Amino acid sequence: MGRLVSIIKENWKDPVWSKVIATGIIAVLGFILTSLYSLVVSLIKSISFKDAFQTIIDFLSQEVLFNLGIFVVLIILYIVLTMNQLTSFVSNIYIKITSSKSEDVKEQKIELPRATDCSTSLFHQRMTSAFPGIRDVTWFDNSKIALYRLEILLREPLRFKSDLRDFESDPIWWIFW
């Protein structure tokens with residue numbers, strides 16, 4: 001049993017295996033709770049445990065009637081919510097194509113790029129590229145290596161346009177106390 005616990009502890013740090021282990025834990029707990037419920041029902045109703053457990057299995061395998069109208073509304077709602085990003089992308093391309101190309105380059109403002117990911121995703125990508133494979137607190141004694149890794153983490157762009165409501169304009173920030 002101790003060996004199994006140590007294997008689980010080792011693999012829990014891995015992003016994929018931690019989800020596999022969590023799913024297994026949820027499945028085992030679900031089976032245990034279903035069995036306990038069946039035991040209580042069998043004691044209360046004076047029926048066999050097998051019959052009580054079979055009623056739960058039958059309930060879970062029943063056919064469910066679902067209103068097609070509600071299903072269509074949910075599908076349309078899903079499409080509207082997911083198409084928001086696509087429509088904003090297409091509108092930005094249309095604006096770039098239709099904007100006049102005759103503006104002088106010197107007169108143009110330096111525009112911030114648009115954020116293409118949420119802040120947590122961008123931060124995760126920067127951290128994993130700057131510190132690949134490092135999961136624990138690690139001290140870097142070599143200043144050149146530390147600076148190199150921080151340059152990867154803090155490379156441009158660090159600020160984005162703030163006109164998008166889906167993404168933050170400052171995805172990487174630090175709090176100093």
Legend entry - R0 of 45 Å, Cβ-Cβ distance Ile93-Met1: FRET efficiency to nearest 0.05: 0.15
Legend entry - For q = 0.26, 0.27 Å⁻¹, Debye-computed log10 I/I(0) when each Cα of the stretch 1-55 counts as one equal scatterer: -0.92, -0.96
Legend entry - Solvent-accessible surface (1.4 angstrom probe) belonging to Ser48, in square angstrom, nearest 10: 60
Legend entry - Dipole of the stretch 1-102, positive direction: furthest Cα of Ile25, Gly2, Phe66, with charges on the beta-carbon: Gly2
Legend entry - Where chymotrypsin sites (Phe, Trp or Tyr not before Pro) fall in DSSP loop in the stretch 1-71, at most 14 other Cβ within 10 Å: Phe66
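The values are calculated or read from the model by the stated rules, or taken from the named source; none is laboratory data. Because the structure is a prediction, the values reported are computed rather than measured. Neighbour counts run over all protein chains shown; Cβ positions are idealised from the backbone, glycine included. For the accessible areas, the whole protein counts, side chains as well, though only heavy atoms, and no ligand, DNA or RNA atoms are used. Shrake-Rupley method; radii C 1.70, N 1.55, O 1.52, S 1.80 Å.
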